[in-house]
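Inspection log for the structure reproduced underneath, given as structure tokens.
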RNA sequence: GGCCCCAUCGUCUAGAGGCCUAGGACACGACCCUCUCAAGGUCGAGACACGGGUUCGAAUCCCGUUGGGGCUGCCA
């Protein structure tokens, strides 16, 4: 067994200096405050989890604060159950927040107040264009998007009228990105975007900017899909600074997105990527966190297995990759197996038990406190990739539910001309054996194998299938030792009766 | 279409102009170990998208092409 797998904290260093975050964040050092801002419109997925992990690690590394903010401005699509799912997922993966959860739906007054200020300063204008009308006007336009139709119409604010931000006609807005460097956007390519819906509700762009200002967010670390809307936020931020208290713009860091096998951005409805599904499928949160952290970043020492403590110590935004990463379940599975094997027998038992209880497996959780389990646990851990695999390995211990897999029976007993003889000899030898111990059982079968001129591997197959039910599984003799003499003989007899 | 981002083995990545005959991990193949299956060990196959520059020297810097992705909503 690999020693101390998840505990190893001794990643090889490569002369990494302390992160100079103040250089990028602005002229004066400011307390690190990061946030994750999920919207409760579906399951919390692995991409969100990785973003959370990086934010969390960054905050920890700098002695900062990790804020959780629920972006529920879209009242049509939000569901309360999703909020709970987000909280559970963050706790499970180990990225626990320090502040919040705040909800944008409870901060409406703040947005309204800022909108009033922007309106009074002339930064906004009212617009009553329908989407259809805009589309009709701009369909031949080389730069589609809103055409500024209402900009000079001098419409008053009111029901049925959205509020748009008047983007400067020329100039360039640059986004300083810690991962990608400076990204420039010509203002002429940015449309006059809506910040308040015609029903008066604030939109995401507005709420995000106001909240980030209000919460003194120092670093915005989020998925790359947000990069194209960032110049809008920067522009809005500037206007807010002019009409009210000046707040430093946060530093931005846009992480590469996670993609599926078709290299499309992972989506909640298209891909099965909900964090809670992985939990239910028997993945360990520490394995998941480790694997996820490796998607888009790697530690300087190159060691792939590391703990969250290591992540906190080694993580650097500057070392985050630029290109999308495919979520490879095969590798996750491998990591999960490694982590399972690194668990102490007690801890493995605790996890396996909790998992079995959580899914209401028919085996019943009392198995996990039995002496039989204690014997077999290390042998099981060596063979499983997820905790969900555990029950199948110990099913044979349950007399009630014991049954022989047809395919295994066919292969190892029905098609083996000597199977009947081997089983019968084994039955009589085991009936007479003095001590019921794995070593003894093994030597009995070895004697039979020799008599038949067969290899032990081939000779054990019929016995295995008759007593354990399948051609594959835990080591035979250890299993029989735990099964006990009575039950072993009973099963041999049952098969013998059927063969003759 | 427009804007933006990206480009090293099948996949995740190392690579900061000479340390590269391009390293590691997953997956794959072979072998060893072995009572099955695993686990573990050894070995192997496998990549710098293409074309131009810059340079004594380019996976690394610049430009272009191609390809992929994201955004383009009164969603987030």
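Below are the figures for this structure:
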{"read-out": "Acute angle (nearest 10 degrees) that the helix A:46-61 long axis makes with the longest principal axis of chain A, alpha-carbon atoms", "value": "70 degrees"}
{"read-out": "Rounded tilt (10° steps) of A:230-243 against the dominant C-alpha axis of chain A", "value": "40 degrees"}
{"read-out": "Alpha-carbon centroids, the range A:69-95 and the range A:197-253: separation in whole Å", "value": "21 Å"}
{"read-out": "Residue A:216/residue A:369 FRET efficiency (R0 45 Å; Cβ-Cβ; nearest 0.05)", "value": "0.35"}
{"read-out": "Descending semi-axes in Å of the range A:119-227, equivalent ellipsoid built from Cα gyration tensor", "value": "26, 19, 13"}
{"read-out": "Cα-Cα pairs of chain A separated by more than 29 Å (percent)", "value": "62 percent"}
{"read-out": "Cα pair distances exceeding 13 angstrom across the range A:448-500, given as percent", "value": "61 percent"}
{"read-out": "Difference of contour (0.36 nm per residue) and Cα-Cα distance, residue A:135 to residue A:434", "value": "98.7 nm"}
{"read-out": "Cα gyration tensor, the range A:368-500 - rounded (a/c under 1.5), prolate or oblate", "value": "prolate"}
{"read-out": "Ratio Rg/Rh [Cα only; Rh per Kirkwood] for the range A:28-183", "value": "1.04"}
{"read-out": "Rough spin-label spacing in nm, given labels placed 7 Å along Cα→Cβ, for residue A:318 and residue A:400", "value": "6.2 nm"}
{"read-out": "Cα-only Debye scattering, the range A:64-144: base-10 log of I(q)/I(0) at q = 0.19 Å⁻¹", "value": "-0.94"}
{"read-out": "Rounded to whole Å, sorted largest first: equivalent-ellipsoid semi-axes of the range A:218-275, Cα gyration tensor", "value": "32, 10, 10"}
{"read-out": "Rounded FRET efficiency, nearest 0.05, which uses the C-beta distance separating residue A:80 from residue A:121 and R0 of 51 Å", "value": "0.90"}
{"read-out": "Between 0 and 90°, nearest 10: helix A:345-358 axis offset from chain A longest Cα axis", "value": "70 degrees"}
{"read-out": "DSSP bridge orientation in chain A - percent antiparallel, rounded to nearest 5", "value": "50 percent"}
{"read-out": "Relative compactness, the range A:292-357, computed as alpha-carbon Rg over 2.2 N^0.38 Å", "value": "1.36"}
{"read-out": "Equivalent ellipsoid semi-axes - Cα gyration tensor, the range A:223-350, angstrom", "value": "35, 18, 14"}
{"read-out": "Highest-first arrangement of A:145-151, A:210-216, where packing means the average Cβ count within 10 Å", "value": "A:210-216, A:145-151"}
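Laboratory data are not the source of any read-out in this text; all were calculated from the coordinates shown. Bear in mind the structure is a predicted one, so any value in this text is a computation, not a measurement. Note: ideal-geometry Cβ built from the backbone for every residue, glycine included; neighbour counts use all protein chains shown.
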